[in-house]
Amino acid sequence: GWAGAYFFLSKKSDSLQAARAEEVPLTPPKVAFSDMQDILVNIQSSDGTPAYLKLGVALEMDDEEQKKAMEPLMPRITDQFQAYLRELRLDDLKGSAGVLRLKEELLRRVNVAAAPYKVRDVLLKEMIIQ
């Protein structure tokens, strides 16, 4: 009977180790962040007085190679962002829904400007309205 019991135990510990190995990837996921220059634009407030929007943005990409490849495209991306931001009104940026929509729009635009490269996410480092 001993051999059977031992065999059963060793099988069990093997499967535990296998399960544990799957939980922890050996290579960390590749990611690269590219900090854009701060963007400063005039936007319209609801009463027509000019306001300034300053945006600090980082782009999340797959890896360092992609980050390097995209560097020449940064002026085009900045230009796209500025064109979009100038169209905004102060009310568009209110609350978390406004910020979320802003991020989605920037992500959509960066992927048009950066094609064929793909940007995973647009991170807002800072957003100042004055």
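Once the other residues with Cβ under 14 Å from the Cβ of Gln66 are scored (Lys, Arg +1; Asp, Glu -1), what is the net sum?
Numbers: positive: Lys30, Lys67, Lys68, Lys118, Arg120; negative: Glu60, Asp62, Asp63, Glu64, Glu65, Glu71, Asp121.
In short, -2.
What order do you get for 50-57, 65-72 when each peptide is scored by the mean count of other beta carbon atoms within 10 Å, highest first?
Taking the mean over residues of other Cβ atoms within 10 Å, the ranking is 50-57, 65-72.
Please compare each pair in Lys54/Lys118; Lys68/Lys103; Lys67/Lys94 to a cut-off of 27 Å on the Cα-Cα distance and tell me which ones are over it.
Working: Lys54/Lys118 25 Å; Lys68/Lys103 23 Å; Lys67/Lys94 31 Å.
Lys67/Lys94, as the Cα separations exceed 27 Å there.
In what sequence, largest accessible area first, do Glu104, Glu126, Glu60 appear using a 1.4 Å probe? All intermediate terms of the calculation are to be shown ahead of the outcome.
Numbers: Glu104 120, Glu126 65, Glu60 35 Å².
Largest to smallest exposure gives the sequence Glu104, Glu126, Glu60.
The values are calculated or read from the model by the stated rules, or taken from the named source; none is laboratory data. The model shown is predicted, which means the values in this text are computed figures rather than measured ones. Cβ coordinates were reconstructed from backbone atoms using ideal geometry, including for glycine residues, and neighbour counts include every protein chain displayed. Heavy atoms of the whole protein, side chains included, go into the accessibility calculation; ligands, DNA and RNA do not. Shrake-Rupley method; radii C 1.70, N 1.55, O 1.52, S 1.80 Å.
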